[in-house]
1. Label points 7 Å out from Cα along the Cβ direction at LEU167 and ALA251: separation in nm?
2. Can you give me the Rg/Rh ratio for the chain, using Cα atoms for both radii and the Kirkwood formula for Rh?
3. So how strong a dipole does segment 2-261 carry about its Cα centre when Lys and Arg Cβ are +1 and Asp and Glu Cβ are -1, to the nearest 20 debye?
4. Under the 0.36 nm per residue contour assumption, what length would be gained going from the current alpha-carbon distance of ILE260 and ASP217 to full extension?
5. Applying the Karplus parametrisation 6.51 cos²θ - 1.76 cosθ + 1.60 with θ = phi - 60° to the phi angles of segment 45-60, what ³J(HN,Hα) value in whole Hz is obtained for each residue in order, glycine and proline being reported as x?
6. Taking only Cα atoms of segment 60-158, what ratio of Rg to Rh do you get with Rh as the Kirkwood inverse-distance radius?
7. Hey, how much of the P(r) for segment 154-243 falls beyond 14 Å, as a percent of Cα pairs?
8. If I ignore ligands, DNA and RNA and count only protein heavy atoms, how much of CYS6 is accessible to a 1.4 Å probe, in Å² to the nearest 10?
Amino acid sequence: MQALTCDWGTMHLRADGGAEEGTTLVFINSLGTDLRMWDEVVARLPEGWSSLRMDKRGHGLSETAPEGYGIPDLAGDVLAAMDHAGIGRAVIVGCSIGGLIAQHVALMAPERVAGLVLSNTAPMLGAAEGWHARIDGVRANGMAAMAEGILPRWFGPRMLARPEAALWRTLLARTDREGYIATCAAIAGTDITDRLGEIARPALVIGGKHDLATPPDVVEKLARALPRADLVMFGDTGHLPAIEAPADFTAALVTFVERINS
Ligand SMILES: O=C(O)CC1=CCC(=O)O1
């Protein structure tokens, strides 16, 4: 566990592995989860690879920042975490808002990005009105009341039937309300569709047939708009394949990274 003091508060980081010259991956979490969402992926990485994970503002063990920041600020946090860990360049892996942040990192600092793994994401994550309605719902009812309705957007039917789904619902229900609201507001104000052509790094775009938050057509559109992207569409997962099918997710990631490394 590491703590990085930022101008908005303290950010929780975790570094694993640590080979001097090996492949380095930086993982960025989705909304309402924390860095544990990558546990089963990191555990499967090839020997010699290293990784850095972090909890966004208002998530996991990181402190909450006042509302008013945007996705570029969250991308700045990723770059600050990389600086802190001494990582010059890495493959950036992001899920959902994490993928949106990863796209921003690639626009802001392409020299720091060896490749992108964009899981279940898009340049705009749904209409702003939907996010404002969610913010209103959280303000009125709290996180626990919202969590039950959000879970089917996270997981496909197979994962929803597993007892572990309840653990992720608990994590969501316990997410700091103000941190969650501020992050929803950051998503609501973001659309970089017009800039996708500028992202010249090789990318692997991952989707899931049961994803209700970024459905297959949205993810396919992202893959088509990026200059150098491959697409993998899982048949049995929803929005969070790193949790639902970590072995398949890791296999796709490793195949991609080995190809861009060769
Ligand atoms: O909570 C959801 O609806 C799913 C989601 C949207 C952005 C994100 O990171 O997760």
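1. 2.3
2. 0.93
3. Roughly 360 debye for segment 2-261.
4. 12.9 nm
5. Once θ is set to phi - 60°, the couplings for segment 45-60 become 5, x, 4, x, 7, 10, 9, 10, 10, 8, 9, 4, 3, x, 10, x Hz.
6. That ratio equals 1.01.
7. Counting pairs separated by more than 14 Å, the tail of P(r) holds 72 percent.
8. 30
The values are calculated or read from the model by the stated rules, or taken from the named source; none is laboratory data. No experiment lies behind these values; they were computed from the predicted model shown. Glycine gets a Cβ as well: all are built from the backbone with ideal geometry, and neighbour counts include every protein chain shown. Keep in mind that these areas ignore ligands, DNA and RNA; they rest on the heavy atoms of the full protein, side chains included. Shrake-Rupley method; radii C 1.70, N 1.55, O 1.52, S 1.80 Å.
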